[in-house]
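First up is the structure itself, then whatever we jot down about it.
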Amino acid sequence: MNSYKEDNLIQLKTFNFALRIIKFYTQCKSQNEFILSKQILRCGTSIGANVEEAIAAQSKKDFISKLSIANKEARETRYWLRLYQLSDLVQIEIDTYLKEIESIINILTKIIKTSSENL
């Protein structure tokens with residue numbers, strides 16, 4: 001059951017991405033990779049948590065601040081995904097995750113830019 005508004009694209013995308021990252025983490029553990037997987041689990045799931053906080057922001061500045069944190073977490077997630085892609089630590093297809101995180105970063109960046117201009 002999905003309790004998210006279908007018209008809130010970034011909320012939906014970050015929640016679904018977090019679910020995929022949880023599955024990614026499980027696949028990593030099954031391939032005996034326990035170190036980097038904890039890092040990507042933390043940052044990959046915190047993107048959506050920060051988006052949720054932004055939705056409940058007390059002000060426009062608070063909203064921008066929370067989305068900026070989400071954007072930083074998304075960029076960190078991209079970093080770990082790139083390491084996985086080039087290190088051969090696990091046998092998991094990384095390209096779809098990278099495409100998804102790039103989309104999330106682009107959307108967050110646009111929202112932050114537009115919101116900052118409207119301050």
### Flag if Ile101 is within 17 Å of Arg42 (Cβ to Cβ) and β-branched (Val, Ile, Thr)
yes
### Task
Sort out which residues of the stretch 86-119 are assigned to a loop (DSSP other than H, G, I, E, B) and more than 17 Å from the chain's Cα centre (by Cα), and write them in order of number.
Asp88, Leu89, Val90, Gln91, Ile92, Glu93, Asn118, Leu119
#### Entry: Restricting the stretch 18-40 to residues that are free of Cβ contacts under 8 Å to residues at least 40 places away in the same chain and of a type in the set (A, V, I, L, M, F, W, C), the residue that is nearest to Ile101 (Cα to Cα)
Ala18
### Query
Which of the residues belonging to the stretch 50-77 are surrounded by fewer than 17 Cβ atoms within 10 Å (Cβ to Cβ), touching a residue at least 24 places away in the same chain (Cβ under 8 Å) and either touching an Asp or Glu at 6+ places or on another chain (Cβ under 8 Å) or among the aliphatic types (A, V, I, L, M) (or both)?
Ile55
### Query
Taking the stated definitions as given, is Ser3 open to solvent by 40 Å² or more (accessible area, probe 1.4 Å) and at pLDDT below 95?
yes
### Query
In the stretch 79-119, what count of residues is obtained for those that are open to solvent by 80 Å² or more (accessible area, probe 1.4 Å) and farther than 16 Å from Phe34 by Cα?
11
#### Entry: the stretch 79-97, residues that are in contact with an Asp or Glu (Cβ under 7 Å, 6 or more places away or on another chain) and modelled with pLDDT of 95 or more
Val90
### Message
Take the residues in the stretch 16-48 that are within 16 Å of Ile69 (Cβ to Cβ) and among the polar types (S, T, N, Q); name whichever of them is most open to solvent (accessible area, probe 1.4 Å).
### Response
Thr45
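The values are calculated or read from the model by the stated rules, or taken from the named source; none is laboratory data. What you see is a predicted model; the values in this text were computed from it and never measured. Note that we place each Cβ from the backbone using ideal geometry, even for glycine, and neighbour counts take in every protein chain shown. When the accessible area is computed, the model is the full protein with side chains, heavy atoms only, and any ligands, DNA or RNA have been set aside. Shrake-Rupley method; radii C 1.70, N 1.55, O 1.52, S 1.80 Å.
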